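Below is one structure, written out as structure tokens, with a few remarks after it.
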Amino acid sequence: MSSLVLCSYKQPVEGSKFRWGVLRSQRDTKKEPLSYETVHGSYRADDPEFERTRKIDTLQTRDGFRCFYRERQNWRLAIPFVGSLVKRFF
């Protein structure tokens, strides 16, 4: 059974946005060694709070599958078993 997930996700440039979808997977990836350029490069130069994480949630949304870092979620609400009913409408 799948869960319906509602969350506020902080985008680096655009600020927080409301996201929702059916939880497909949660994984704890390990990406080591990260290069110095990856961690301190120009891609995230305007976002001093950015940190690399290993915790990723994959949600099925109306736009397809999306991955979200756990640390960038301000609040999160997971409703068990409702995702199985909702995912057929995507």
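Bear in mind these aren't lab numbers, they're just calculated from the coordinates by the rules spelled out. Remember, it's a predicted structure, so these values are computed and weren't measured experimentally. Note: ideal-geometry Cβ built from the backbone for every residue, glycine included; neighbour counts use all protein chains shown.
Tally Lys/Arg at +1 and Asp/Glu at -1 over every other residue whose Cβ is under 12 Å from the Cβ of Gln26; what's the total? Each step should come with its number before you reach the end.
Values: positive: Arg24, Arg27, Arg54, Lys55, Arg70, Arg76; negative: Asp28, Asp57.
Net charge in that neighbourhood comes out at +4.
Within 11 Å, Cβ to Cβ, of Ser3, how many net charges do the neighbouring residues add up to if Lys/Arg are +1 and Asp/Glu are -1?
For residues surrounding Ser3, the net value is +2.
When the chain is fully extended, how far beyond the present Cα-Cα distance does Phe81 get from Thr29, taking 0.36 nm per residue of separation?
The Phe81-Thr29 span can extend by a further 16.2 nm.
Say each of Phe18 and Arg66 gets a label point 7 Å from the Cα, pointing the same way as Cα to Cβ; how far apart are those two points in nm?
1.3
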